[in-house]
Amino acid sequence: MDRRIRRLGIGLVLLFGLLFAQLAYVQVFAAEGIRNNEANAQRQIIAEYKVQRGAILTRDLVAVAASVRAGRKADYLYRRTYPTGPLFAAITGYYSRVYGRASLEQAMNDYLAGDAPELAASNLTDLVLGRPKKGASVVTTIDSTLQAAAQDALGTLPGAVVAIDPRTGDVMAMVANPSYDPNTLSSGTSEEMRAAWDELNADPEKPLLSRAKDELYLPGSTFKTITASAALENGFGPESRWPNPHELDLPLTDGTLQNFGNELCSGGAKTVTMAEAFRQSCNVTFGEIGLELGAEKLQAQAEAYGFCPIDPPTKTTCIENTIPFVIGFETGRFPIPAYFEQNDPLLAFSAIGLDNVLTNPLQMALVAATIANRGTEMQPRLVREIRAPDNSVIKEFPPQVYGQPISKESAAALREMMISVVESGTGYAAQIPGITVAGKTGTATNGPGNPPNAWFIAFAPAGAGQVPRIAVAVIVLDGGNLGDEATGGRIAAPIAADVIDACLNKGACPA
């Protein structure tokens, strides 16, 4: 009897050993193959599409991404749709059973898919009552009216527009040309999705990368706001006077720096104030300012605004990317001081936004917003709150301060300098009747033989005692429809004015 019990015990131990060995094999050695098995992947996708994914909404509760019930014979219970097509593509991204997720569809996936801890009670209730699982809705900071106005203002021109609320960092509009239709990656057969993906990736204009936030460009003279910030923070006031030669002789080289169009600044006077040079966008003066400040102070000021340091030409990726943003964002870049030790003349070019200085409209909108917000830079915010399927708010994302790049006094001085640019300087095309606009133009070289890229940054209302409600950055690539004749003042400033007008005069911005 004891022998039989012993044999039974040994047999059970062996069976349990085989069971544990099989579990270990499945979990450790075979896991990768099982995970990559097409049949299992298909089951996982079908299960995922049984959930009614939450909507992505604008600030004014317009749905820009939603899940709708598919046909009865469809393999997938729900179909992801983007009612506005390309207009919000850089914000929503896509949700594809072939290519996964991007932008907010990826960043907010746990909420949209109903898997976030905040939805546990709602999921349990659905399970008990036998109801299908539902995801939460994501409410963004984008205003649907302002987004449409920004797209209308940009039209078909290659480039981008970003509008930010300086008080909160809320991104109220973000558009770029070209864009893409996320429906083509989220609907249809797998073959149709692959064809759309291949076409988008083969396009030399790279529509899957937003020119508002994913690409980097020379900022040209819009960077003079940062050079002026460094000067103000280091004791050079708006009325500080600077030599005013026709050309700036650069140190350690026979090269020179000239004003735009080789023009004389301030009529050729022997000296010029920083404020006057800013109003006229004088390259020579700001080259002098950059050389006087030195690389360390200029780089420190750029980094305070969120530009990450780089070591060109071999190292062009960020040493530290500091500005948080819920979706992908290429922050601006400025060379480390050591770069200028062997390239001292290039500091003058960097001071006017050339050489290896790079940025994009989202970054420059933040710079304008910082000046508007009395020197306090807010983190860019794209998501305001999460709403459960019953529409109750389960999570909020309050505004966050990024830093204080400049003092209140420096911001006030810059505000006046930027107002003069619009009232009587290079940015006069941004004037709006009844509204004081502060701005700065920029025209950046774009490679040999190519038309320039045109920039404009601005904020409003900027009058005495007024609290600015919108900051805007515009870039028009390759001269837009003006070719070699393009300047920031001629082609980008009117676009910014249209967006500001829509915000302040047509009710497209929060009060």
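The values are calculated or read from the model by the stated rules, or taken from the named source; none is laboratory data. Owing to the predicted nature of the structure, the values given are computational and were not obtained by experimental measurement. Glycine also receives a Cβ, built like all others from the backbone with ideal geometry; neighbour counts cover every protein chain displayed.
Sub-8 Å Cβ pairs linking a first residue in segment 419-443 that is in contact (Cβ under 8 Å) with a residue 60 or more places away in the chain and under 17 Å from A502 (Cα atoms) to a second residue that is among the basic types (K, R) and not in a strand (DSSP E or B), at least 6 apart or interchain, are A429/R490; A438/R415, ordered by first then second residue. Scanning segment 71-96 for residues that are more than 20 Å from the chain's Cα centre (by Cα), under 17 Å from G135 (Cα atoms) and assigned to a loop (DSSP other than H, G, I, E, B) yields Y76, L77, Y82. Picking from residues in segment 339-366 that are hydrophobic (A, V, I, L, M, F, W, C) and in a loop (DSSP other than H, G, I, E, B), the one that is nearest to N259 (Cα to Cα) is I352. Put simply, of R384, R374 the only residue that is modelled with pLDDT of 95 or more, part of a loop (DSSP other than H, G, I, E, B) and of a type in the set (K, R) is R374. No other residue among L119, L154, L104 is at pLDDT below 90, among the hydrophobic types (A, V, I, L, M, F, W, C) and buried (at least 23 other Cβ atoms within 10 Å of the Cβ) apart from L119. Counting only residues that are in a helix (DSSP H, G or I), touching a strand residue (DSSP E or B) at 6+ places or on another chain (Cβ under 9 Å) and among the β-branched types (V, I, T), segment 201-259 holds 3 of them.
Residues checked against (1) in contact with a Pro (Cβ under 7 Å, 6 or more places away or on another chain); (2) in contact (Cβ under 8 Å) with a residue 40 or more places away in the chain; (3) farther than 20 Å from V367 by Cβ:
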{"position": "P451", "(1), (2), (3)": "no, no, yes"}
{"position": "A460", "(1), (2), (3)": "yes, yes, no"}
{"position": "P468", "(1), (2), (3)": "yes, yes, no"}
{"position": "A486", "(1), (2), (3)": "yes, yes, yes"}
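Taking the criterion of being in contact with a Leu (Cβ under 9 Å, 6 or more places away or on another chain) and of a type outside the set (S, T, N, Q), the residues of segment 237-281 that qualify are P238, H246, E247, L248, D249, L250, P251, L257, M274, F278.
Candidates are the residues of segment 265-289 that are free of Cβ contacts under 8 Å to residues at least 40 places away in the same chain and in a helix (DSSP H, G or I); the one that is surrounded by the most Cβ atoms within 10 Å (Cβ to Cβ) is A277. Among the conditions (1) free of Cβ contacts under 8 Å to residues at least 60 places away in the same chain; (2) surrounded by fewer than 17 Cβ atoms within 10 Å (Cβ to Cβ), the only one that G255 does not satisfy is (1).
On the stretch given as segment 421-450, residues that are surrounded by 20 or more Cβ atoms within 10 Å (Cβ to Cβ) and out of contact with any strand residue (DSSP E or B) (no Cβ under 7 Å at 6 or more places or on another chain) total 2. Can you find, within segment 365-408, the residue that is farthest from L119 (Cα to Cα) among those that are surrounded by 21 or more Cβ atoms within 10 Å (Cβ to Cβ), β-branched (V, I, T) and in contact with a Lys or Arg (Cβ under 7 Å, 6 or more places away or on another chain)? Step by step, filter segment 365-408, then rank; the result is I371.
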